[in-house]
């Protein structure tokens, strides 16, 4: 398990007792700090969620003052954010790969399709429909990417899971992506562009399949 | 008598008396606070949450025979409450809520040493999108596993993991932003 995978798992469930997480944080100080930070934050989240009832009890107003404890515990995040802003790795390919790495949970081989209603809604909001029986979509969410909310799909292929970002509102120059173990293509679509990104083999045929499977004739919302 | 007690008396009148009622009360009423919190965090309105939970408990009583597994009582009640809230939203046009006004906490709701942290966190949670707020609540408040949340929300496990990750990232980002804007001395 690398740091990226560990942080995704920790971010999704800081209370997990997964031995792989335990083994990773035992030998990685940065991830151990992140894990502790999120556990501390979850303690506050838990307290914040425990709203008391009934509401008829007298309430006390608390005068506002700075949150030094939170500021201190999250300072490392601010530094991280600054570092991110200063990082020159801001090419389109890097943005795609960063985004896909941020949802690594979705990159699993499975024969289980995404919820049909959820998939339909994700695509409908971009004015797109999936033609029936064209491909197995195992994951479908709406994501913010480069200032637009875009459908983010994972399609199951014989070479494993392949990510598809449907950029219906943005036209990006066609290109190949070959970075950080990912191979992908950006291809023109009836509206905007399509990003297809895999980790095992040429995804050009997958891009053709996806383009054929998506119906762009719906009106956008 | 406050409105909550009025409603409890009304509910007792509707439910009536008998061993079925006693079993229902013993099994379901301990979850009333959980239900109130659950609905509150969905709709962000205390009085609406109380109304919805009251209706949900009445519906639960009427369909109590359909509860096959008593161990699943809380999930069963949460599902009923969510549906009742959806029905309420369909029936009436709800007013816009003022997040800042909602975020003023009751002092006795605070369970950690620094109530200001909790206040800020509550404000941040209130501003999360519902699709992130609900799985986070189910995990942190009710201790549901990822697969249980997936079943409850009819989502895939990877989708739930993504939402949970994004929820925490959104909270961290917001709290860092707020903290960065504070003056450096009291």
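The values are calculated or read from the model by the stated rules, or taken from the named source; none is laboratory data. All figures in this text were calculated on a predicted structure; none of them were measured in a lab. We place every Cβ from the backbone using ideal geometry, glycine too, and count neighbours over all the protein chains shown.
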When you scan region A:121-135, do you find a residue that is surrounded by fewer than 22 Cβ atoms within 10 Å (Cβ to Cβ) and either within 14 Å of chain B (Cβ to nearest Cβ) or under 18 Å from the mean Cα position of the chain (by Cα) (or both), even just one? yes
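I'd like the residue in region A:28-42 that is surrounded by 15 or more Cβ atoms within 10 Å (Cβ to Cβ) and within 14 Å of chain B (Cβ to nearest Cβ) and, out of all such residues, is farthest from residue A:78 (Cα to Cα).
A:42
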For residue A:18, only one of the following conditions fails: (1) farther than 23 Å from residue B:138 by Cβ; (2) modelled with pLDDT under 90; (3) more than 7 Å from every other protein chain (Cβ to nearest Cβ). What is its number? (1)
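Okay, residues lined up against (1) crowded, with 22+ Cβ neighbours inside 10 Å; (2) touching a residue at least 24 places away in the same chain (Cβ under 8 Å); (3) at positive phi:
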site: A:154; (1), (2), (3): yes, yes, no
site: A:157; (1), (2), (3): no, yes, no
site: A:160; (1), (2), (3): no, yes, yes
site: A:177; (1), (2), (3): no, yes, no
site: A:199; (1), (2), (3): no, yes, no
site: A:204; (1), (2), (3): no, no, no
From (1) in contact with a helix residue (DSSP H, G or I) (Cβ under 6 Å, 6 or more places away or on another chain); (2) outside any helix (DSSP H, G or I); (3) at pLDDT below 85, pick out the condition that doesn't hold for residue A:78. (2)
Could you pull out every one of the helices (runs of 4 or more DSSP H) wholly within region B:63-161 that has 2 or more residues that are surrounded by fewer than 21 Cβ atoms within 10 Å (Cβ to Cβ), under 17 Å from the mean Cα position of the chain (by Cα) and at pLDDT below 80? B:99-102
Please state which of the following conditions residue A:165 fails to meet, knowing it meets all the rest: (1) in contact with a strand residue (DSSP E or B) (Cβ under 7 Å, 6 or more places away or on another chain); (2) more than 19 Å from residue A:120 (Cβ to Cβ); (3) surrounded by 13 or more Cβ atoms within 10 Å (Cβ to Cβ). (2)
Do we find a residue being more than 21 Å from residue B:150 (Cα to Cα) and part of a helix (DSSP H, G or I) anywhere in region A:10-19? yes
